[in-house]
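**Q** First, the structure itself, so that you have it in front of you.
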Amino acid sequence: MLVREQHTLPTLRLCMAGTAADPEVRAELWFGDHRLFGATYPAVAFGIPRSAEPLATGWARARCRIPEQLAERLRATVDGERLDRLWLEFPPPNGLLPLLPWENQIGQALGVPVLRLPYFSLRPLAPHMLTVVLCASAPAAKGSVGISELLPYLAYAYRRLDRPVQVHIFTDRAAYDEINRYGDAGGVILHDPREAAEYPPAERLRAIDDGSVRLSPWLAWIRDALGGQAADVVHFAGHGYLSAGRGAVAFAESPVVNTDTTWARFVGIEQLSAFLSQVGAWSVALTAVPENYSATGLTALADSLAQLRAGYVIRHDLQAASADEILEALAFLYDRAPAPRTPNVAYWVHPQLAQERPGARPRGDWDLLMNEDSATTIFAPGTRAAIDAPSTPSWIASSARVLEQAQALWLDQPYDRAEVLDRQAAVEALTFAATLLEQQVTATRSGLDGGLAAGGEVS
């Protein structure tokens, strides 16, 4: 992978081998583009099922394991090379491998932080002030999940960061009433679910509803309640769901209707990606609540998001984790704290966040559009200031993320000198689009928050 080679990362690569009748796992430890060792093991030695069906409910965490022979080789290399973290990569064919809780097994075996390589070499442009959306639902079909206690704790976790943070909480009517008793908290806005009465409840479907043209009432409520303001971080807590290897978050029928005791409503990658684009988010967190129907479903959804969008993604398994793990995870993501040992949190993050050495720049056109932190340089000062301002309009953040994603897609394509002209055309197109965005931002500047005119650095 390009990111591994650029940043010379110590990486455990896991992929499927063998045959359908006799599946195997190929494990290789790489340091950048240098392979330290490789070995093949029977898939049964890892506790890997032959199909995704056993993963749908709690199988993965109970059965997944690292063969002792592999663990010993990894420990010897980590100790000998004095490695302080390990990255994971799942090159194709990878089957069910990305869905398993490797962080827990490998982290405990090696005693070092374990992180997953991102699928893109571009790092998102992140503002200093964060607008965070917290959303949790306890569908009647899944039972109580304690969200009236969890959401205030998550809000506290974000508010304790060493930067300005505004938190918006969206939840069921019952949890809203419980949380509302605590009274107002500075920097936290609790939204009344009765505001969502106008949105029709989602229909009952056994499958993940990703083909619907209508956005989930939960996502539509959040988007509209923000009033045109962008969200930087979107954090969902609740039950997961896994169907045919695809993950989803489980919700009640709507924020004001929660009567179906048989089936929850499932939001998967397509609806969630559309929503994130509309609000301009660059970071997503998924928390699996205790007694989760399918924590693996949330892992699958997180991995799909990481493959689709250049940003930060984490999956937090609360049923196996101590409460402090999310505090350490957020400090790492947003306060540049050292990578923590949090075996129940999976991270898809850029190596620069983990304070790895700057990546190599082997191609001249990279220097035109990326800085040493691997963030884009296509945006002019007005756009950068708008992204960093309080209450950034969602249309600005959304437009910027679309351009970032377009850049991320072509940056990671194989480089062929015969395609220099095509790549130069892409550079010119992105630059032109960024110029148009700057013109629109400048034209509307007088109607935006005063912080926009003041400008500011983007961290």
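The values are calculated or read from the model by the stated rules, or taken from the named source; none is laboratory data. These figures come from a predicted structure and were not determined experimentally. Don't worry about glycine lacking a Cβ; one is built from the backbone with ideal geometry, like all the others, and counts go over all protein chains shown.
**Q** Quick check: anything in the range 267-290 free of Cβ contacts under 8 Å to residues at least 40 places away in the same chain and among the charged types (D, E, K, R)?
**A** no
Here's the yes/no breakdown for (1) crowded, with 23+ Cβ neighbours inside 10 Å; (2) more than 18 Å from residue 27 (Cα to Cα); (3) touching a Phe, Trp or Tyr at 6+ places or on another chain (Cβ under 7 Å):
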{"position": "97", "(1), (2), (3)": "no, no, yes"}
{"position": "111", "(1), (2), (3)": "no, yes, no"}
{"position": "123", "(1), (2), (3)": "yes, yes, no"}
{"position": "141", "(1), (2), (3)": "no, yes, yes"}
{"position": "164", "(1), (2), (3)": "no, yes, no"}
{"position": "173", "(1), (2), (3)": "no, yes, no"}
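**Q** If you go through the range 45-56 one residue at a time, do you hit one that is closer than 22 Å to residue 110 by Cα, modelled with pLDDT of 90 or more and surrounded by fewer than 16 Cβ atoms within 10 Å (Cβ to Cβ)?
**A** Scanning the range 45-56 turns up at least one residue that is closer than 22 Å to residue 110 by Cα, modelled with pLDDT of 90 or more and surrounded by fewer than 16 Cβ atoms within 10 Å (Cβ to Cβ).
**Q** What number of residues in the range 423-436 are surrounded by 12 or more Cβ atoms within 10 Å (Cβ to Cβ) and modelled with pLDDT under 90?
**A** 4
**Q** How many residues, within the range 234-247, are at pLDDT 95 or above and hydrophobic (A, V, I, L, M, F, W, C)?
**A** Qualifying residue count for the region: 3.
**Q** Could you check residue 174 against (1) over 24 Å from the mean Cα position of the chain (by Cα); (2) outside any helix (DSSP H, G or I); (3) within 27 Å of residue 267 (Cα to Cα) and say which number it fails?
**A** (2)
**Q** Test residue 107 against the stated conditions and say whether it is touching a strand residue (DSSP E or B) at 6+ places or on another chain (Cβ under 7 Å), small (Gly, Ala, Ser), surrounded by fewer than 23 Cβ atoms within 10 Å (Cβ to Cβ) and outside any loop (DSSP other than H, G, I, E, B).
**A** Yes, satisfied.
**Q** Just one of the numbered conditions (1) modelled with pLDDT under 95; (2) surrounded by 17 or more Cβ atoms within 10 Å (Cβ to Cβ); (3) in contact with a Lys or Arg (Cβ under 7 Å, 6 or more places away or on another chain) is not true of residue 365; which one?
**A** With (1) modelled with pLDDT under 95; (2) surrounded by 17 or more Cβ atoms within 10 Å (Cβ to Cβ); (3) in contact with a Lys or Arg (Cβ under 7 Å, 6 or more places away or on another chain) applied to residue 365, the lone miss is (2).
**Q** Oh, and also: If you go through the range 175-188 one residue at a time, how many are in contact with a strand residue (DSSP E or B) (Cβ under 8 Å, 6 or more places away or on another chain) and surrounded by 15 or more Cβ atoms within 10 Å (Cβ to Cβ)?
**A** 4
Residues checked against (1) without any contact (Cβ under 8 Å) to a residue 12 or more places away in the chain; (2) touching a Cys at 6+ places or on another chain (Cβ under 8 Å); (3) surrounded by 15 or more Cβ atoms within 10 Å (Cβ to Cβ):
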residue: 190; (1), (2), (3): no, no, yes
residue: 194; (1), (2), (3): no, no, no
residue: 198; (1), (2), (3): yes, no, no
residue: 201; (1), (2), (3): no, no, yes
residue: 222; (1), (2), (3): no, yes, yes
residue: 230; (1), (2), (3): no, no, yes
residue: 235; (1), (2), (3): no, yes, yes
residue: 245; (1), (2), (3): no, no, yes
residue: 249; (1), (2), (3): no, no, yes
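Yes or no, residue by residue, for (1) part of a strand (DSSP E or B); (2) more than 18 Å from residue 300 (Cβ to Cβ); (3) outside the structural domain of residue 244 (by TED's automatic domain parsing):
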residue	(1), (2), (3)
16	yes, no, yes
21	no, yes, yes
25	yes, yes, yes
41	yes, yes, yes
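Results for (1) modelled with pLDDT of 85 or more; (2) touching a Cys at 6+ places or on another chain (Cβ under 9 Å); (3) among the small types (Gly, Ala, Ser); (4) not in a loop (DSSP other than H, G, I, E, B), shown as yes or no for each residue.
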site	(1), (2), (3), (4)
361	no, no, no, no
382	yes, no, yes, yes
400	yes, no, yes, yes
405	yes, no, no, yes
418	no, no, yes, yes
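**Q** In the range 143-156, which residues are assigned to a loop (DSSP other than H, G, I, E, B) and surrounded by 21 or more Cβ atoms within 10 Å (Cβ to Cβ)?
**A** Passing the criteria: only 145.
**Q** So, in the range 307-324, exactly how many residues are under 21 Å from residue 158 (Cβ atoms), of a type in the set (A, V, I, L, M, F, W, C) and buried (at least 24 other Cβ atoms within 10 Å of the Cβ)?
**A** 2
**Q** Further, regarding this structure: For residue 88, only one of the following conditions fails: (1) in contact (Cβ under 8 Å) with a residue 60 or more places away in the chain; (2) assigned to a helix (DSSP H, G or I); (3) of a type outside the set (Phe, Trp, Tyr). What is its number?
**A** So residue 88 meets the others, but not (2).
**Q** So, of the residues in the range 7-44 that are at pLDDT below 95 and acidic (Asp, Glu), which turns out to be farthest from residue 73 (Cα to Cα)?
**A** Per the stated criteria, the residue is 22.
**Q** Let me ask something additional. Go through the range 232-336 and tell me which strands (runs of 3 or more DSSP E), entirely inside it, have 1 or more residues that are under 22 Å from residue 407 (Cα atoms), touching a helix residue (DSSP H, G or I) at 6+ places or on another chain (Cβ under 9 Å) and polar (S, T, N, Q).
**A** Where strands (runs of 3 or more DSSP E) fall fully within the range 232-336 and carry at least 1 residues being under 22 Å from residue 407 (Cα atoms), touching a helix residue (DSSP H, G or I) at 6+ places or on another chain (Cβ under 9 Å) and polar (S, T, N, Q), they are 283-288.
Listed here are the residues, each with its yes/no results for (1) closer than 26 Å to residue 159 by Cα; (2) touching an Asp or Glu at 6+ places or on another chain (Cβ under 9 Å).
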| position | (1), (2) |
| --- | --- |
| 222 | yes, no |
| 226 | yes, no |
| 229 | yes, no |
| 257 | no, no |
| 267 | no, yes |
| 274 | no, no |
| 282 | yes, yes |
| 298 | yes, yes |
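**Q** Any residue in the range 377-404 that is without any contact (Cβ under 8 Å) to a residue 24 or more places away in the chain sitting within a Cβ distance under 8 Å of a residue that is of a type in the set (A, V, I, L, M)? List the pairs, counting only those 6 or more apart or interchain.
**A** Taking only residues 6 or more apart or on different chains, the pairs are 377/368; 377/369; 377/370.
**Q** Within the range 437-450, identify whether any single residue is at pLDDT below 55, within 24 Å of residue 126 (Cβ to Cβ) and either of a type in the set (Ser, Thr, Tyr) or in contact with a strand residue (DSSP E or B) (Cβ under 8 Å, 6 or more places away or on another chain) (or both), and answer yes or no.
**A** yes
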